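Q: Sending over a structure as structure tokens; questions will come in a sec.
The values are calculated or read from the model by the stated rules, or taken from the named source; none is laboratory data. Since the model is a prediction, treat every value here as computed from it, not as a measurement. With ideal geometry, Cβ positions are generated from the backbone for all residues, glycine too; neighbour counts draw on all protein chains shown. With ligands, DNA and RNA removed, areas are computed over all heavy atoms of the protein, side chains included. Shrake-Rupley method; radii C 1.70, N 1.55, O 1.52, S 1.80 Å.
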Amino acid sequence: MAVHDDCKLKFMELKAKRTFRTIVYKIEDKQVIVEKLGEPEQSYDDFAASLPADDCRYCIYDFDFVTAENCQKSKIFFIAW
């Protein structure tokens, strides 16, 4: 299975610059490609609603939260849909 170069580039951009909230990957013609990018304002509910009910996707989600100590944190999750 090949992985398109854009997959890694978009992930590195999300990780370093936080220009996207989500990245959705799909397999097309025996290659993993970027299907869509989510805007930084996109909520988790919007993200989940945009995924197909009957097809597989691989997703990156950048989750922002506040700790009990009132510190702003962010975690990047990989989701197999």
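Q: Could you look at the chain and say what percent of its accessible area is carbon and sulfur, using a 1.4 Å probe and all protein chains?
A: Ligands and nucleic acids excluded, carbon and sulfur give 53 percent.
Q: Now for a separate question. Any chance you could give the angle, 0 to 90 degrees and rounded to 10, that helix 5-17 forms with the longest Cα principal axis of the chain?
A: The two axes meet at around 10 degrees.
Q: Using 13 Å as the cut-off for backbone N distance, which residues of the range 40-54 belong to the label zone defined by a point 7 Å from the Cα of Trp81 along Cα→Cβ?
A: Flagged as within label range: 43-54.
Q: Further, regarding this structure: How much accessible area per residue does the range 3-80 have, in Å², with a 1.4 Å probe?
A: 68 Å²
Q: Report the charge-dipole magnitude of the range 18-68 in Debye, nearest 20, computed about the Cα centre from +1 at each Lys and Arg Cβ and -1 at each Asp and Glu Cβ.
A: Here the range 18-68 has a charge dipole of around 200 debye.
Q: Subtract the Cα-Cα distance of Ile27 and Ala2 from 0.36 nm times their separation in residues, and report this length gain in nm to one decimal.
A: Full extension from Ile27 to Ala2 adds 8.1 nm.
Q: Relative contact order, percent, of the chain when contacts are C-alpha pairs under 8 Å separated by at least 6 residues?
A: Once divided by the residue count of the chain, the mean separation gives 25 percent.
Q: Using 1/(1 + (r/R0)^6) with R0 = 22 angstrom and r between the beta carbons of Cys56 and Arg18, what's the FRET efficiency to the nearest 0.05?
A: 0.25
Q: Quick check: residue separation of Lys73 and Leu37 times 0.36 nm, minus the Cα distance between them. What number comes out in nm?
A: Working it through step by step, the gained length comes to 10.8 nm.
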